[in-house]
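Step one of this worksheet: look at the structure below.
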C-alpha cells in the first residue's frame, strides 16, 4: 500500500505542477510522463510477424505495442518501463477496451479527435471502465478522479503532449481499426492472456529476466542513449561511446531470445538520416560499425510523415532487427 500511496502522491504532484513538493519527493527525477499513444507505425513493422501463442517482451510506453500484439494472437507478454505510471495507464486502456464501444474509446483517450461527445477522459466513461480494473489500478485512478477532472489529468505533466492525429493513430495501430477493435475486445473479455510488468531501465533488465522470448521489441529507446548511459553530472560522450554501450546491452539480451526469435532494437523515424547530433543511433556509418549488415537487418515501411501529411516523396521509417539463427 505504501508504494501505491507514493505513486498516487507523485501523480498528483505532476498534475498540480507543485514543483516544490515535487523536488522534495524527487518526482521529476524518477517519474516520467505517460505517452497516450504510440508515435510509431507499429502496424507497419509488425506486418507479417507470427506471434500467435508466443511469449513476447516489449517496452510498455503507451501500451499500443501490447494491444497490437494481443490482436495478432500473442497471449503471454512481459513488458518493461522505467516509468511506473505506465502500468497504471496500460491497465486503464485494457479495461477501457473491455468496457467501452469503439467511439467511446476514441473519445476517452484521443486528445487529437475534435468530433467529441464528451470532454477528455470524462468521468462518465471512467465509471464504465472502473469495474474492469484490478483493485490496485482502480485505487490509483479513483484517487486522481476524486481530486481532478479528466481534462485536468489528461493535459497535466502526467502525460506527454506528443500524440499523432486521430486519423494517423488509426492507420498505425491495427487495433484502432473498428473491426479489429471489437476483435481485440472479444479476446480481452476471455481473459486468456498474461501480462507482467517490470519497472526497469533497459540496461538493468537482464538482472530480472528468467524466460526466453520469441520476440523482443525495444521501440525507439535507442533515441535516448544519452539518458540511459549518462550518470548525473557526466559530460556528454561521443557517439562511439553510446553505441558501444548500447551494443553491449543488446548482446546481453541475446540469451533471452529463443532460437529463430527476433529482436527489434531500434525504430527510425527516417530511414535515410545519416547523422544526428542528438541521436547517435542515426549515425549510419558508426551504427554499421557496431550493428553490421552481416548480422543486423534494416526493415523499411511507410513512414509516419507519409501517413500524416500524404507526401509521396517522404522517406520511409525503419526498424533495426536482429534474428537469432
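Read-outs: derived from the displayed coordinates by stated rules, not from any lab. These numbers come from a predicted model, not from an experiment. Please note: Cβ atoms are built from the backbone with ideal geometry, for glycine as well, and neighbour counts cover all protein chains shown.
Shape of the stretch 211-303 from its Cα gyration tensor (a ≥ b ≥ c, root eigenvalues): rounded if a/c is under 1.5, otherwise prolate when a/b > b/c, or oblate? Since a/c reaches 1.5 but b/c is at least a/b, the shape of the stretch 211-303 is classed as oblate. Mind running the shape call on the stretch 158-227? Use the C-alpha gyration tensor, a ≥ b ≥ c as the square roots of the eigenvalues: rounded below 1.5 for a/c, prolate if a/b tops b/c, oblate otherwise. Verdict is oblate for the stretch 158-227. Of the residues 78, 101, the one with the fewest other Cβ atoms within 10 Å heads the list, and the complete ranking is 101, 78.
Here the gap between residue 289 and residue 189, fully extended at 0.36 nm per residue and compared with their Cα-Cα distance, gives a gain of 31.3 nm. Counting only DSSP H runs of at least 4 residues, each contributing -39500 (n - 2.57), and dividing by the residue count of the chain, the helix-based mean residue ellipticity at 222 nm comes to -11500 deg cm²/dmol. Of all DSSP-defined beta bridges confined to the stretch 33-323, some 40% are antiparallel rather than parallel. Report, in degrees rounded to the nearest 10, the 0 to 90 angle that the Cα long axis of helix 239-251 makes with the longest principal axis of the chain. Roughly 80 degrees between the two axes. Between the helical axis of 135-147 and the longest alpha-carbon principal axis of the chain there is an angle of about 60 degrees. Compared with the direct C-alpha span, the chain from residue 200 to residue 160 gains 12.5 nm at full extension, assuming 0.36 nm per residue. On the basis of the beta-carbon distance and an R0 of 30 Å, residue 237 and residue 17 show a calculated FRET efficiency of 0.40.
Give me 65, 210, 196, 122 ranked fewest to most by other Cβ atoms within 10 Å of their Cβ, as a rough exposure proxy.
Exposure proxy ranking, most exposed first: 210, 196, 122, 65.
Between the beta carbons of residue 101 and residue 212, assuming R0 = 41 Å, the FRET efficiency works out to 0.60 to the nearest 0.05. Shape class of the stretch 60-194 from the alpha-carbon gyration tensor: rounded, with the ratio a/c of largest to smallest axis under 1.5.
Simple spin-label estimate for residue 259 and residue 52 gives 2.3 nm between the two label positions (7 Å along the Cα-to-Cβ direction from each Cα).
Taking the chain as the reference, fit the longest principal axis to its C-alpha atoms, fit the long axis of helix 2-16 to the helix C-alpha atoms, and give the angle between the two in degrees, 0 to 90, nearest 10. Tilt relative to the chain: about 90 degrees.
Just want the ordering: 315, 135, 163, from fewest to most Cβ atoms lying within 10 Å of their own Cβ. Let's see the in-between values first.
Values: 315 16, 135 8, 163 19.
Least to most surrounded, the residues fall as 135, 315, 163.
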